[in-house]
Amino acid sequence: MRVLKGALAAVVSLVVVLAPAHAVEEDGYQLWLRYRPLANAGQAQQAAKAIVYPDKATPTIQAAIDELRRGLQGYTGKAPATGTQVSAGAIVLAKAGQLPQGFAADALADLGREGYLLKSATVQGKRVTVIAANEDIGLLYGAFGLLRALGTGKQLAALDERSTPKLQLRVLNHWDNLDRTVERGYSGQSIWNWWELPAIRERQYVDYARANASLGINGTVLNNVNSKAEILTAPWIAKVAALADVLRPYGIRVYLSARWSTPLELNETKTADPLAPEVAAWWRAKADEIYRAIPDFGGFLVKANSEGQPGPQDYHRTHADGANMLAAALAPHKGIVMWRAFVYAAEKPDDRAKQAYDEFKPLDGKFAPNVLVQVKNGAIDFQPREPFHPLFGAMPGTPLMMEFQITKEYLGFAMHMAYLGPLFEEVLKADTMQRPGGLTVAQVLEGEDHGPGEHGQRPTGMAGVANIGSSRTWSGSHFDQANWYAYGRFAWDPRGSARAFADEWAMQTFSRDRQAVTRIVDMMMRSREAVVDYMTPLGLHHLMDTGHHHGPGPWVDNLGRPDWNPTYYHKADKGGIGFDRTATGSNALAQYAPDVARRWADPRTTPEELLLWFHHLPWDYAMPSGRTLWAELVARYDRGVAEAEGLRMRWQQLKPAIDERRFDEVAQRLDQQVSEAQWWRDASVAYFQSVSGLPLPPGTRAPARTLEQYKAIKFPYAAGHH
Ligand code: BDP
């Protein structure tokens, strides 16, 4: 017995000794920056023996060098040396003027401030890899680009890559409150430990900066669009300045959401009228105060006259009056205003989908040059699927930026797997047809619709409502990290590919095993459509339950405003279902370019995915599948549930390829996703059946519970509640 025990102990210690250094438990904290050993580590080590920068390193260059050291140590098992002299097998960082011989003098000409090139070269007879850029930040992006290349299976010796961001402002919007709760946040508390700032600068802020810089994200709005006046007071500016100091070396500027009525609420003015001189003077002084503390402060994001927030219209002024007043205060410091177009008012009986366009289109060309109008993805509100917003392409005289929601308020929170890459790509590729030959949303964001001579002159940008919090996984779940990742990559290149980004992400995050990666990516690529099917198929939208938005509530019809009720959106009755947005209905279609409007005016030429967004149709309407609309609707719900089950099954097949903890954490969520998909399907089918009065199509399962039981489900303490 004793002998056996001894032998066992020896085996155990052997296992411990032999366990590779990376066998630390994977908990997701390292995101896609895990830098696990490469298969050809020895070869990579030869090609990455040293990191060379000829000059004294600035904080940004130092960040690049540190990241390269960290990454190469992980990939090759050996930390490279650092130095100033070119040696064989070095990675050479070079700015214009430091370019090694053999590079054309204008090699960096088209890289701009943030672009970079990666190139394997022979310098002084030695094989090296060059990272070159015009500015320090380009070198940092290049360092991350090189590490990404290695992590996705590329060889240093074959590197030849040039990359420049297509948009200038690539910004996260945190909906973080000053008490550390997060509106629509499903990843724990805010990562900003406001209470302990500015004294305590947590290490996680640096990791946050690294992760964002690895994607090229260069701005962050720290606080909720439903803002508080206090954020602009001196103690809070000091906290913001501390964060700005941490983020600065990584090329990330801080911005703040400004509450319109701040000076009035702080009792420092008598009004918040944008045209009152005392108000303009207050904002000028406030901007000066902020810039004294944060010389590279980015500017303000503003939600005004929207969902009860104060704004210039309270004083019978326009959005342009408000935005321009703030813009004038920021202009001397080169700050910008991001003015949100997410507006709709209860007093207006008109279709909510039309209101942003109606208010903003007439203001085209009236905004100051340092204002961008930030347009939500979707004229309603970040739904699992919306047609592109009609403002894109319709305001050529105004820089428009896209607002995507990364946090999945309407797509199952952090519980459901829903990779948003396909959603982003679908919208960015959508053709607004506002120009002969076509004009995609991506082109609009890139400024291609601007007048001659203005292209490149005006600010461009994209915003993503962050899904980042205090959760160990940052994003509430392992797969939700992919949404942060894809957002950042699309902000860099709005013409990128969701599948390619998923592939990169999965290789860096989970495994380099080709078969495993393909399976993971296949799951991701199907996941969003699954959610659409079991929540809001065929163009339905806004059917979730009140307040928390968790789970189905298509029956809800009792809220303070008509346009908060799901019944307002689906308009189901005995005769049919869907929102008529054609000329016989709200005519929201007229806000689109004629070629788009014409196509979507006829249900026969409207894509099935948008059918009930634009049309109210009888339950027996004949679908292309040969089914009636009612049967098709139920079939879509069933397909969604089947897809959720498929995701769960596919993940089980991946078990041998995934580390234990992450495998298990994902598996638990996929289980829950299946039951919630079933719940969405059952509750929705039960409700629509009660309205249509039709029998369930043959062969379909009856909902597990009664409609009354579904209606009785409540979640007063759901996460992210508003
Ligand atoms: C809605 C959210 C709400 C936000 C609002 C906004 O439910 O919490 O405040 O959008 O974007 O989607 O302002």
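Some points to look at:
- Put a dot 7 Å past the Cα of residue 179, heading toward its Cβ, do the same for residue 201, and the two dots end up 3.0 nm apart.
- Along region 387-397 the Karplus relation, 6.51 cos²θ - 1.76 cosθ + 1.60 evaluated at θ = phi - 60°, assigns HN-Hα couplings of x, 4, 5, x, 6, 5, x, 9, 10, x, x Hz to successive residues, with x for each Gly and Pro.
- FRET efficiency estimate (nearest 0.05) - Cβ-Cβ, residue 518 to residue 124, R0 35 angstrom: 0.25
- Taking only the C-alpha atoms of the chain, the Rg (one decimal) and the largest Cα-Cα distance, Dmax (whole number), read 26.8, 91 Å.
- Ordering of 673-682, 175-184 by burial proxy (mean other Cβ atoms within 10 Å per residue, highest first): 673-682, 175-184
- Sorting the segments 212-223, 75-86, 467-478 by their residues' average number of neighbouring beta-carbon atoms within 10 angstrom, most packed first, yields 212-223, 467-478, 75-86.
- The Cα trace of region 254-357 gives Rg and Dmax of 14.1, 46 Å, the first to one decimal, the second as a whole number.
- Computed from the C-beta positions of residue 574 and residue 275 and an R0 of 56 Å, the FRET efficiency is 0.60 to the nearest 0.05.
- Here the 3J(HN,Hα) profile of region 441-448, calculated from phi with Karplus coefficients 6.51, -1.76 and 1.60 at θ = phi - 60°, is 4, 4, 5, 4, 4, 6, x, 6 Hz, Gly and Pro shown as x.
- Stokes-Einstein D in µm²/s, Kirkwood radius over Cα pairs - region 173-492 at 4 °C with 1.567 mPa s viscosity: 65 µm²/s
- Helix runs (DSSP H) in the chain reaching 18 Å along axis by Cα, Kyte-Doolittle at least 0.0: 2-18, 136-151, 234-247
- Computed FRET value (nearest 0.05) for residue 104 with residue 605, which takes r as the C-beta separation and R₀ as 51 Å: 0.50
- When the P(r) is computed for region 507-662, the part past 27 Å accounts for 40% of the Cα-Cα pairs.
- Accessible surface computed residue by residue for the chain, with neighbouring protein chains in place and a 1.4 Å probe, gives 38 Å² per residue.
- The slack in the chain from residue 238 to residue 709, taken as 0.36 nm per residue of separation less the alpha-carbon distance, amounts to 164.5 nm.
- Relative packing of peptides 613-623, 482-492 - highest average C-beta neighbours within 10 Å first: 482-492, 613-623
- Residues whose amide H lies under 5 Å from that of residue 173, counting only those 5 or more places away or on a different chain, are 221, 464, 465, 466; hydrogens are built 1.01 Å from N in the peptide plane.
- Per-atom-type breakdown for the chain gives carbon and sulfur 54% of the accessible area (1.4 Å probe, protein chains only).
- Percent of C-alpha pairs per 10 Å bin, region 318-360, short to long: 26, 40, 23, 10, 1
- Each principal axis of the Cα atoms in region 611-696 has its own extent, and those three values, largest first, are 50, 25, 23 angstrom.
- Size descriptors for region 375-500, from the alpha-carbon set: Rg then Dmax equal 15.0, 49 Å.
- Approximating the spin labels as points 7 Å out from Cα along Cα→Cβ, the residue 598-to-residue 368 distance works out to 4.3 nm.
- When its C-alpha radius of gyration is set against 2.2 N^0.38 Å (N residues), region 41-163 gives a value of 0.93.
- Theoretical gain in end-to-end length, residue 546 to residue 316 [0.36 nm per residue, Cα-Cα removed]: 79.6 nm
- Within the chain, DSSP assigns beta bridges of which about 30% are antiparallel (rounded to the nearest 5).
The values are calculated or read from the model by the stated rules, or taken from the named source; none is laboratory data. Note that this is a predicted model, so its numbers are computed, not measured. Neighbour counts run over all protein chains shown; Cβ positions are idealised from the backbone, glycine included. Surface accessibility is based on the protein's heavy atoms, side chains included, excluding ligands, DNA and RNA. Shrake-Rupley method; radii C 1.70, N 1.55, O 1.52, S 1.80 Å.
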